[in-house]
Amino acid sequence: MKYIEISGAENYRTVPFWFAVEEYVAKHWLDDDYFVMWQVDPCVMVGRNQLIDNEVNVDFCRQNNIAITRRKSGGGCIYSDSGCILFSYINRASDVASTFERHMRDTARTLEAIGINASLSGRNDLLVDGKKVAGAAIYRCANRVIMHNSLLFSTDFATMQQAITPSRAKLQSKGVVSVSQRVGNVADHTSMPINAYIAEARRVLCGEAARRITDSELQAIKEIEKNIASDAFIYGSNPSYSIVRKARLEGVGTIEASVELHNNAVQATNFTGDYFLLGDIDGELFAPMKGSLFTREAITHALEGVCLDSIIRGLTLKGLLDLLFPAEKMPSSPQRKPVWLKMQAPVGEAYQTTKRIISEHNLHTICQSGLCPNRAECWRNSTATFMIGGDICTRRCRFCNTLTGRPHPLDPDEPARVAESIRLMGLHYAVITSVDRDDLPDLGANHWAHTVQKVREVCPKTKVEVLIPDFQGRHELIDVILKAAPDVVGHNMETTARLTPSVRSVAKYEQSLDVLSYIEMCGFNSKTGFMLGLGETDDEVLQLLKDVRATGCRRITIGQYLQPTHNHLPVARYYTPEEFARYRVKAIELGFTHAVSGPLVRSSYHAEQGENG
């Protein structure tokens, strides 16, 4: 096997270039087997048949200049950066299975040469001390077999976890709850620098045998690269998929809609059911939808001027949108609140004292910004949930009443004012939360830590519960807060997996689960909460409870979603106190030691009662 040499190889830092090298060599260098190692700038690579949106945190990658590319081989999505080494084997053998195993063992031999014992997982992974350090994918090209091997040498796992979003089912099938629990770096097992390892691996696999790419061959490679780097290949290769929605519409009948999507654009639509057809459904309804993005707004625009009632008897635009986008269903009129949601009037001396202290210290509370239904009760009991970081959030969640926009600079005196207010109120248990501050380099983590530290200094006997944002899943920022040693660390799931994209802004279901897992892994008591009444199903709620419990979390709150204003998501359903009681029983059965569930329950409601839970 000969090593592929390229003049100035260190200057070629993109994946499409090296994939083009593989393809050129496979088609034109037929005299021997070939091998090369390469490194690239931060990027994610999806398999040939993968949906990018299912595997990649596209927004995060764009914000952090992480390239997104696609390979011609199958397999899963991977992240690579300068701490990752990519191996390319181009082989003349016709037996894919034996070639795959041989080259996996070749990669293992390079690690054994520097004193690291590596084993094959039986699938396509290479393990060191039970953690994956390398994976592989394979495909045919011009009667040759090309195998990619990705070796994690000193990869940035924090960025990896942000950039790729593997399904929770995939992780649980491997017995883990986060990416970081499954993978490891070679550098954890050797002091050898990465360049020295690359030189040793080349010696082990190829010795002195090599062949250099000529200038004319390099030009041919760059032509191949153009296609592999094109949006048409990367995004055009996103496979199509279908969604199915079924509902009974009043005055119409039952319609089951099947919509084929590609890159979230409508490719084809079909309706089945007992509706009464009046017009040309293909030409008048489905044709205008074709090519439109599959969003409520885009479909509304596409069907502007279309008389749906002349196509399907009784069909309205609202009915069609409710069918296609059930998570965003808008009721024709607001539902009346049931009697059990009657709130107490804010009266009493303790209530007025708490209100005065908060006002005098110019503090923000989630009690006020969130229109909490328990504010009267809590303030009468001299308790409050302090909201730090200002009163303007950088995110726009569709359930939340907190102001959204460009926040003011952090107030350096806020930690001291929070601590002094807690002292004056005589709290033995304090809850602190914050707005999201995605505008700051540390996302507000250090301000969080200073606040907890100041409370510890001024009120050493007060227990502190923090309800933190996701910090974009960055563990190093969560560590900043954990070092301040809060007693309980909460992070809310808010809703079920299916509803998360339409209810929360920026936040991801899997990422929130990972935050809870990390809190537990660091030895802290985690806590979470979610709302009912947004359109979830019973099975989805039970799955959410199971997903949270799998992180190790043992404290949970469940409450009724209440629409803050007409601009927020409507209430899909009001749950009875008996239904909330049933979910509490389910939570206890699943192993939660502190479960508070009721129509008026919020994250910090009776938080002190879970102190020993």
Separation of alpha-carbon centers, the stretch 466-489 and the stretch 245-318, rounded to whole Å | 46
How much accessible surface does Arg102 have with a 1.4 Å probe, in Å² rounded to 10?
-> 100
From most to least accessible, 1.4 Å probe, no ligand or DNA/RNA atoms counted, Asp129, Asp41, Asp479 line up as Asp129, Asp41, Asp479
Rounded to the nearest 10 Å², the 1.4 Å probe accessible area of Ser98 is 60
From the cross-link list Lys337/Lys463; Lys132/Lys586; Lys72/Lys546; Lys461/Lys546; Lys246/Lys290, the entries with a Cα-Cα span beyond 26 Å are Lys337/Lys463; Lys132/Lys586; Lys72/Lys546; Lys461/Lys546
Consider just the alpha-carbon atoms of the stretch 423-507 and return their Rg together with their Dmax, both in angstrom.
-> 14.2, 44
When the charge dipole of the stretch 541-588 is computed with +1 at the Cβ of Lys and Arg and -1 at the Cβ of Asp and Glu, the Cα pointing farthest to the positive end, of Thr565, Val541, Ile588, is that of Ile588
Once the dipole of the stretch 1-129 is set up with Lys and Arg at +1 and Asp and Glu at -1 on Cβ about the Cα centre, which of Pro42, Asn117, Val15 lies farthest towards its positive end?
-> Val15
Can you give the accessible area of Lys508, probe radius 1.4 Å, in Å² rounded to 10?
-> 70
Scoring only Lys, Arg, Asp and Glu (+1, +1, -1, -1) among other residues with Cβ under 10 Å from the Cβ of Thr14 yields -1
Heavy-atom accessible area with a 1.4 angstrom probe orders Leu562, Leu590, Leu303, most exposed first, as Leu590, Leu562, Leu303
Net charge near His189 (other residues with Cβ under 13 Å of its Cβ; Lys, Arg +1; Asp, Glu -1) is -2
Peptide ranges 494-504, 248-258 listed from the most packed, as the mean C-beta count within 10 angstrom indicates = 494-504, 248-258
Inter-part gap, Cα centre of the stretch 52-89 to Cα centre of the stretch 132-163, in whole angstrom, is 9
Cα-centre dipole for the stretch 72-139 with unit charges at Cβ (Lys and Arg positive, Asp and Glu negative), debye to 20 | 140
Treating the beta-carbon of each Lys and Arg as +1 and of each Asp and Glu as -1, no other charges, what is the dipole magnitude of the stretch 38-112 about its Cα centre, to the nearest 20 debye?
-> 300
Sequence of Tyr139, Tyr34 when ordered by accessible area, the most exposed leading, probe 1.4 angstrom | Tyr139, Tyr34
Using the charge dipole of the stretch 44-101 (Lys, Arg: +1 at Cβ; Asp, Glu: -1 at Cβ; taken about the Cα centre), state which of Ser88, Cys61, Gly75 has its Cα farthest towards the positive end.
-> Ser88
What translational D, rounded to a whole number of µm²/s, comes out for the stretch 30-157 from Stokes-Einstein when the hydrodynamic radius is the Kirkwood one over Cα pairs, at 37 °C and 0.692 mPa s?
-> 213
Computed Rg/Rh of the stretch 479-613, alpha carbon atoms with Kirkwood Rh = 0.95
Mind checking the dipole of the stretch 1-134: about its Cα centre, +1 per Lys or Arg Cβ, -1 per Asp or Glu Cβ, Debye to the nearest 20?
-> 220
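The values are calculated or read from the model by the stated rules, or taken from the named source; none is laboratory data. Only a predicted model underlies this, so the values are computations on that prediction, with no experimental measurement involved. We place every Cβ from the backbone using ideal geometry, glycine too, and count neighbours over all the protein chains shown. Side chains included, ligands, DNA and RNA excluded: accessible areas come from the protein's heavy atoms. Shrake-Rupley method; radii C 1.70, N 1.55, O 1.52, S 1.80 Å.
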